[in-house]
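In what follows, a structure is listed as structure tokens, so that the remarks can point back to it.
The values are calculated or read from the model by the stated rules, or taken from the named source; none is laboratory data. All of these numbers come straight from a predicted model, not from anything done at the bench. Positions of Cβ are generated from backbone atoms using ideal geometry, with glycine treated the same way; all protein chains shown enter the neighbour counts. The accessibility values were calculated without ligands, DNA or RNA, using every heavy atom of the protein model including side chains. Shrake-Rupley method; radii C 1.70, N 1.55, O 1.52, S 1.80 Å.
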Amino acid sequence: MNPIKIAAAVVNQTPLDWKRNVQHHLDAIAEAKKQNISVLCFPELSITGYGCEDMFYAPGVNETAFEMLHLIAEACDNIIVSVGLPIRYNHRLYNTACLIAGKKIQGFVCKKNLPGNSIYYEPRWFHAWEAGVVSSIEVDGVDYPAGDLIFEVQGIRIGYEICEDAWIAHRPGRELYLRGVDIILNPSASHFEFGKSFVRERFVMDASRAFGATYLYVNLLGNESGRAVFDGDAFITSSAVGIASGSRFSYKDFLLVSAVIDVDNTRLSQVQNKVPLIKNDFGIIKVPFSLPRAAYQPHTYELEPWETSGRIKEEEFARCIALALFDYLRKSRSNGWVISLSGGADSSAIACLCRLAIKLCIEEIGLDGLKQKLYYQKAIQACQTEEEVAKTLITCVYQATENSGNETRTSAETLAHDLNVEYFEININNLVHEYRSLIEGGLGRALSWDTDDVPLQNIQARVRAPSIWLLANVKNALLLSTSNRSEAAVGYATMDGDTAGSISPIAGINKHFIRQWLRWLETDGVDGRIRFGGLSAVNGLQPTAELRPQDKKQTDEEDLMPYALLDAIEDAAIRDKKMPKDVLPLMLYKFEGVYTQEVIIKSIERFFRLWSRNQWKRERYAPAFHVDDHSLDPKTWCRFPILSGGFEKELEDMRRSIS
């Protein structure tokens, strides 16, 4: 028997926040020592933070990272620790994992495969290391091994797959297997997407089985730098047997997920497999360190109850965006959230997500823990209950015009009282008329709904922005934009109106799902117990912008097209890159018997024209949280020219295909 206690160290980091990033390392290492852990692995680029963007180019960032590495190394007596940081070698920058043992830097393993898809831009900053190449780097007169390394401690071999290395077809793990590696560490910075955790779990399980090794996977946690959210996933598996799994979307600064492994068990599977080993010691770094034998502990590999509820997407959405909002709040040192609460689905969803952030945070780390996280807010320190915190942090305002209905006002007020947040109403009708009269005087004519429909709608939405911005500024709070992805796709949003805000929490989510999620939150709830009954009025309303007179009975779907159809066209056209003539048969099949052929054709034409015409709006949206591969964010995912031909030929081709 050869039992060793290893652990994944999940941490919530912030780019270039040296003091806190290092402190999280030191706190996690101290706790690992208390738990008699021998091998501790932190996520990718854990020292600098993953989202440093072009600051990775700055020599000072690399120098400071190395300085912080030495501070961390001083705490690594009697423990082996892996941390992540960038290093420079021959005037090139590499994404590396550094192994420390007995307070000494043992070497740097360089990442071989760099993701340049999705929201990743690693090839912009880093170079990929060539497999099989070993060298050394010199820092402050000291040479350190670097490259494609394997570390050997008391005959136990430790190798690496760094994040993307594990996602490719010819992954480095096979070479590690051929060289008799016992433990594979995978430090990652893998952004959250719906359902992605199950994909990670599969490749971790498959790797431990195929490579006859113990596999440790550890991810970053939280809203690190604004858009990407990390769920803090952590797995430890041994020969396809799960032995430890962590919780996701935690509000803690760090989490340890540990397990006692028996190296002899994994070696047995390698002995029984007749694939020959590579017979050389090239790149093997002998680490002079004594690994203590660990006492056995029971394995606790199981998903959290909410992950097996059958409504995993609703649960992940609630927990991801709530944590993202909380981290954005504290990392921007803002005093709360301000929402223009219209009584409709979008603003109601955002208010609920803010309230969930407070509730989930207090449930996990307590009221004192929340106060410590928001240490810079004096008003929070005096709060004695969760309800007082909610009223201090969340402010909702209903802004009425003559076109606003009693139903939406009641909906907004009912929800705000149920959430126990600060709420008040203001009437902006006089402001709307003032702007209207100013322009009418300049033009020398009256504006009317027959000739100036869209401008008269837009001014109401825009007039709401200055007052709500003023309130956010007075409170030093975050103004939250309420636009969703379906609206972004076709430009159904007033720039500097409902798009106003510091962050767009739901700009990556379609309207159909938001309405479905709100019904779930009212009746089932997060973890089957956190429900907001005040959503009943919201869920009973037909979506409407309420920007036309009430006798015109405006609804969003009449302005645009049915949301289910809109979202399906968007998936085919934008995510799957299909032309109109290819989208048409898909929609005819999917909505057979629901909509007529002519309705579908007109909707496809309207979608492509509105999409092309409104790219400039998507360029101006406040930052949004990334949650899946449907994102329309042109800064991180979906690029499209601001000026284009508008798919005119392609739409003609579609019409000809059915003639």
DSSP-loop GluC sites (Glu not before Pro) across the stretch 362-437, with at most 14 other Cβ within 10 angstrom: 402
Per-pair calculated FRET efficiency, R0 = 30 Å: residue 470 and residue 599 via Cβ, rounded to 0.05: 0.10
Reachable lysines from residue 378, criterion Cα separation under 27 angstrom, eight or more residues apart if same chain: 19, 252, 331, 359, 391, 475
Given charges at beta-carbon only (K, R positive; D, E negative), |dipole| of the stretch 276-409 in Debye: 660
Contact order normalised by residue count of the stretch 193-279, Cα under 8 Å, 6+ apart, percent: 24
The stretch 385-445: trypsin sites (Lys or Arg not before Pro) in DSSP loop, at most 12 other beta carbons within 10 Å: 445
Rounded tilt (10° steps) of 453-475 against the dominant C-alpha axis of the chain: 50
Cα-based equivalent ellipsoid of the stretch 508-659: semi-axis lengths in Å, sorted from largest, via gyration tensor: 30, 20, 17
Value of Rg to Rh for the stretch 75-224 (Rh from inverse mean 1/r over Cα pairs, i.e. Kirkwood): 0.95
Projected-area mean, the stretch 1-118, by convex hull of Cα positions, square nanometres: 8.4
Computed [θ] at 222 nm, deg cm²/dmol, the chain (DSSP H ≥ 4; -39,500 (n - 2.57); rounded to nearest 500): -12000 deg cm²/dmol
By accessible area with a 1.4 Å probe, ligands and nucleic acids excluded, highest first: order of 89, 375: 375, 89
Phi to ³J(HN,Hα) by Karplus 6.51 cos²θ - 1.76 cosθ + 1.60 over the stretch 287-304, Hz, x for Gly, Pro: 9, x, 8, 9, 8, x, 6, 9, 7, 5, 9, x, 7, 10, 8, 7, 6, 5
Ranked by how many other beta carbons lie within 10 Å on average, peptides 345-354, 25-34 from highest: 345-354, 25-34
Considering only the chain, percent of DSSP beta bridges that pair antiparallel, nearest 5: 60
With Cα atoms, 0 to 90° folded angle of helix 196-210 axis to the chain main axis: 20
Within the accessible area of the stretch 410-532 (1.4 Å probe), percent carbon and sulfur: 52
Nearest 10 degrees, 0 to 90: helix 18-34 Cα axis against the chain principal axis: 50
Three-way shape label, the stretch 217-257, alpha-carbon gyration tensor, a/c 1.5: prolate
Identified option (computed mean projected area of the Cα convex hull in nm²; candidates (1) 33.0; (2) 30.4; (3) 43.0): (1)
Among beta bridges that DSSP assigns inside the stretch 1-136, antiparallel share in %, nearest 5: 75
Rounded to the nearest 20 debye, dipole of the chain from Cβ charges on Lys, Arg, Asp, Glu: 900
Reciprocal of mean inverse Cα separation for the stretch 73-122 (Kirkwood radius, Å): 12.2
